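Below is one structure, written out as structure tokens; comments come after it.
Bear in mind that the values in this text are calculations on the coordinates, not laboratory data. This structure is a prediction, so every number in the text was calculated from the model and none was measured. With ideal geometry, Cβ positions are generated from the backbone for all residues, glycine too; neighbour counts draw on all protein chains shown.
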Amino acid sequence: MGPQHPMTHGLWTLKVKVDGETVVDTIPDLGYIHRGVEKICESRDFTKITTYCDRLCYASANTWSHSYIYAAEDLLEVEVPERAEYIRVIAVELQRIASHLMWLGAFCPDIGNLTAFVWCLREREMMLDLLQELGGSRMHYNFPRIGGVKRDLPIGFAMRARAKIKLFLDRIQETEQLLDESTVFLVRTQGVGYAKPEEMVNWGVTGPNVRAGGVNYDVRWAHPYSVYDQLDWDVSVERPSIKGADSYDRYRVRVDEMRQSALMCLDALNKIPGGAETHYSEGDPMIISKAKERAEEGKTGFHHFEDSRGESMFYMVGGGDQRGKHPYRISIRSPMFLTIPYASKCMIGYKVADIPAIMGSFDPCIGETDR
Amino acid sequence: MVFSLGIKTRGEYAEEAAQQVIDAAIVRWQGTGLEAEVRNHKSGMARPYVYIKCPRNHWRAVAKWLRFEMGADHCSMITGIHWPDGPDDCKWEVVAHLMRMNVINPPERGGWTKQVIRDPKILQDDDVPMEFEVSISIPDTRNPSVQSVQEVWMGADWNEKETWDLVGIDFEGHENMRRVLQPHDTPVGFHPLQRQHKIRYHDFEVMYDDAQGFGRKAIDEGKTK
Amino acid sequence: MADDAQNYSMFNSQALVDVVGDTTDAALEASSIKKFISVLAGRFFNWGQRKSLFPLHLGIKCCALEMAAAGGGRFDAERFGVFFRSSPRQCDVLIVNGPVSKKFADPIVRLWEQMPEPKWCIAMGECAISGGPYYQSYNILEGVDTLIPVDVYVPGCPPRPEALIDGFAHLRKKIMKMGVKSSSKNVGDAPIIIGDD
């Protein structure tokens with residue numbers, strides 16, 4: 001299943017060995033969009049690397065740029081004001097909803113349900129409008145800055161966000177109803193692609209995939225960062241069958257996560273220090289604090305972050321060119337890099353027609369895999 | 001007057017758990033040159049992490065100890081760094097990041113599985129999720145290599161492939177080592193993240209009077225890249 | 001015997017068809033009806049080409065999401081006749097929406113060659129135009145026009161879906177101006193009565 005394929009959700013090859021209709025062995029072949037981001041970032045200032053990190057996983061750009069920013073702040077030893085943390089949480093959770101909607105919009109046509117594609121893209125446009133108000137662009141926002149955020153919540157954003165999120169919560173119920181009452185969807189996703197949580201953790205799979213296995217591990221509560229411990233939210237966990245988590249469980253986890261993210265956004269808008277209606281201008285110390293530009297040699301920083309697809313991590317070593325203005329080494333851990341080989345192993349024993357259902361339910365995004 | 005009733009916050013549990021790991025490490029690996037300490041993130045995460053500096057020939061044993069006795073069941077990342085200007089005993093470095101997730105297969109009851117929901121306020125000791133950072137230094141050599149921990153964590157498999165592909169550090173005992181991000185027909189011995197390889201146009205500075213760079217030629221123009 | 005008779009008759013009918021074709025051709029050319037018809041036919045084919053461009057379902061990187069959004073409900077591209085196909089054999093347009101790495105250079109050229117004439121290429125996004133932010137990378141080619149001929153460049157990182165639809169409008173104008181490209185040499189003069197190609 002070569003690089004150009006409508007079902008593979010990205011540019012990679014899956015070599016499948018079949019015996020009749022049953023899959024016997026699979027080998028994934030990655031690297032078609034390997035851009036060498038780690039090497040390029042060795043010659044970029046810390047502020048310029050944010051733009052590259054947006055483009056790592058393009059479906060959820062905000063989560064990746066925030067993941068980088070937290071690691072850079074660890075390296076540069078920067079304190080972030082609390083209001084900025086709340087704004088970051090709002091941006092990240094809105095992006096998580098948009099990313100999961102894109103996933104659902106791409107997964108359902110694989111199963112055969114083209115209506116959900118249009119509905120999910122419609123909701124995603126709503127979220128993208130909100131993110132456009134925050135960040136300035138539809139997809140790659142370059143939104144967080146080292147020490148805070150680029151801009152405060154625009155005037156009227158809270159009102160629009162609350163209205164849109166409430167509308168979204170109603171509409172996601174409609175979409176869920178459409179899919180849960182569709183026999184084709186249920187037959188194609190239930191009982192397909194079993195994955196045991198212990199195996200998943202051994203392989204390095206994290207995020208909604210492992211939460212579908214019945215264990216509520218989430219980086220946001222296990223290693224808390226930002227203001228997640230002050231917000232009121234539940235981890236989305238599924239109750240799988242004995243054999244493990246199947247595609248239907250993974251679908252349910254993500255829909256539940258969308259709801260939780262929406263509720264988290266509403267909660268953050270209520271709890272934000274300074275109020276959601278006040279607007280501070282750019283550069284105000286309420287939303288950004290001064291950060292130093294250089295990192296001395298010998299300093300390192302890393303940060304585990306809960307990305308839409310799992311646990312992403314940036315490991316940065318300071319002391320590069322220009323007396324520390326550039327990082328010496330930046331190492332990016334992508335959750336999908338280890339999930340895709342695991343998902344390829346999950347497919348063994350099923351039919352060829354189940355491959356899109358299994359692969360799609362793991363939510364591959366090749367941009368972050370092939371950095 | 002405020003006195004603690006013995007109920008600790010999660011942060012303190014985490015610090016205690018980290019200290020327990022350090023103590024166990026010192027007891028177990030005395031005399032091998034292994035250093036372990038508790039470090040704190042300077043920003044972001046509010047929990048401490050365990051930093052271990054492992055000598056090269058003990059890596060596989062330390063990995064097994066971490067996995068089976070300390071419970072670091074998730075191999076997050078294994079990466080390599082090239083230090084051509086570093087000290088003589090650390091020209092190459094392999095850094096492994098591990099996490100303790102304590103994920104267990106949910107127990108079964110009556111044909112269904114029971115969800116495992118952990119209350120973060122009461123996790124203690126071995127159950128506390130913990131981050132580990134292990135750093136292995138390799139002295140100056142043309143063929144740096146380190147033992148492979150493929151059989152300890154399956155996740156180390158692809159991470160080691162990527163490290164070899166990009167940095168050039170080999171992993172002894174690793175089955176099926178192949179190029180995973182670069183094209184399969186990349187010349188043997190080309191590992192782009194080594195410091196002697198530069199990026200294209202690497203010495204272009206920003207020219208304020210020539211924003212598009214039309215008048216400027218690269219120093220290495222004409223040479224095959 | 002019967003087979004031979006059949007073959008003989010078929011051979012005869014083929015020769016007969018050729019003779020009829022040649023004489024009709026000459027007659028039409030003499031009366032310049034042929035040019036009139038072929039110009040009309042050319043215009044008709046051109047109209048068909050540009051009003052229903054079928055791009056390929058190729059998503060390389062971020063711009064692919066904007067391409068998908070362009071096909072979604074808000075920026076509906078289907079109302080312009082743009083309908084995404086999965087197989088390159090059924091496509092007119094190759095939209096390259098991401099950086100081309102060394103590993104993908106070969107497949108993209110193969111996709112381009114698999115597409116039947118007439119075909120066009122749209123380079124969408126900075127990465128396809130010139131390598132984009134990765135122009136310094138060791139693995140990325142500087143633009144897809146190092147490999148295949150590009151007709152329309154749509155700048156942006158990523159270009160908004162409206163920009164992509166504008167790119168399609170430019171491509172339609174180009175098709176109208178330049179006529180339909182075809183592998184046969186004299187498109188306008190090709191006879192339409194009896195298939196000669």
Positive dipole terminus of the protein assembly as shown, leading residue within C:V93, B:H58, A:N142 (C-beta point charges):
C:V93
Hydrodynamic calc, region B:6-86: Kirkwood Rh from Cα pairs, then Stokes-Einstein at 10 °C with viscosity 1.306 mPa s, so D in µm² s⁻¹ is 110
No solvent, one uniform scatterer per C-alpha: report log10 I(q)/I(0) for region A:220-371 via the Debye equation at q = 0.08, 0.10, 0.12, 0.19 1/Å, two decimals.
-0.38, -0.58, -0.79, -1.25
Quick check on region A:38-112: take the gyration tensor over C-alpha atoms, sort the square-rooted eigenvalues as a ≥ b ≥ c, and tell me if it's rounded (a/c under 1.5), prolate or oblate.
oblate
Binning at 20 angstrom from zero up to the longest distance, how are the C-alpha pair distances of chain A distributed in percent?
30, 57, 13, 0
Of A:V317, A:V201, A:V210, which has the largest mean-square fluctuation in a 10 Å C-alpha GNM of chain A?
A:V201
Alpha-carbon radius of gyration plus Dmax, which is the widest Cα pair, for region A:1-159 in Å
18.9, 61
Diffusion coefficient, µm² s⁻¹, Stokes-Einstein with Kirkwood Rh over alpha-carbon pairs of the protein assembly as shown at 4 °C and 1.567 mPa s:
46
Once the Cα atoms of region C:80-121 are picked out, what are the Rg and Dmax in Å?
10.8, 34
Using only the Cα atoms of region A:299-371, what semi-axes does the equivalent ellipsoid have when each is the square root of 5 times a gyration tensor eigenvalue? Give whole Å, largest first.
35, 10, 9
Rounded to the nearest 20 debye, what is the charge dipole size of the protein assembly as shown about its Cα centre when +1 sits on each Lys and Arg Cβ and -1 on each Asp and Glu Cβ?
1160
Taking each residue of C:133-145 in turn, how many C-beta atoms of other protein chains fall within 10 Å of its C-beta, and what is the average?
6
Rank-order A:335-345, B:20-30 by packing density, defined as the average count of other C-beta atoms within 10 Å over each peptide's residues, highest first.
A:335-345, B:20-30
With only alpha-carbon atoms counted, please give the Rg and Dmax of region C:53-193, in Å.
15.3, 55
Toward the positive end of the charge dipole of region B:8-172, about the Cα centre and with charges on Cβ (Lys, Arg +1; Asp, Glu -1), which of B:G155, B:Y13, B:M99 goes farthest?
B:Y13
Everything considered on the Cα gyration tensor (a ≥ b ≥ c; rounded for a/c under 1.5, else prolate if a/b is larger than b/c, else oblate), region C:52-130 must be described as oblate
Listed residues A:T115, A:T189, A:T300; largest mean-square fluctuation, Gaussian network over chain A with Cα springs below 10 Å, found at A:T115
Put +1 on the Cβ of every Lys and Arg and -1 on every Asp and Glu Cβ in region C:53-193; which of C:C63, C:C157, C:P118 then has its Cα farthest towards the positive end of the dipole?
C:P118
Looking at the P(r) of region B:8-172, how many percent of alpha-carbon pairs lie beyond 29 Å?
25
For chain A, modelled as a Gaussian network with Cα springs under 10 Å, which listed residue fluctuates most, A:L94, A:L178, A:L75?
A:L178
Need one value for B:90-103: mean number of C-beta atoms belonging to other chains within 10 Å of its residues' C-beta atoms.
4
Within 10 Å of each Cβ of B:152-161, how many other protein chain Cβ atoms are there on average?
5
Taking Cα centroids, how far is region C:39-113 from region A:290-330 in Å?
40
Could you pull out the pairs from A:K15/A:K243; B:K53/B:K161; B:K42/B:K91; A:K290/C:K61 whose alpha carbons sit more than 32 Å apart here?
A:K290/C:K61
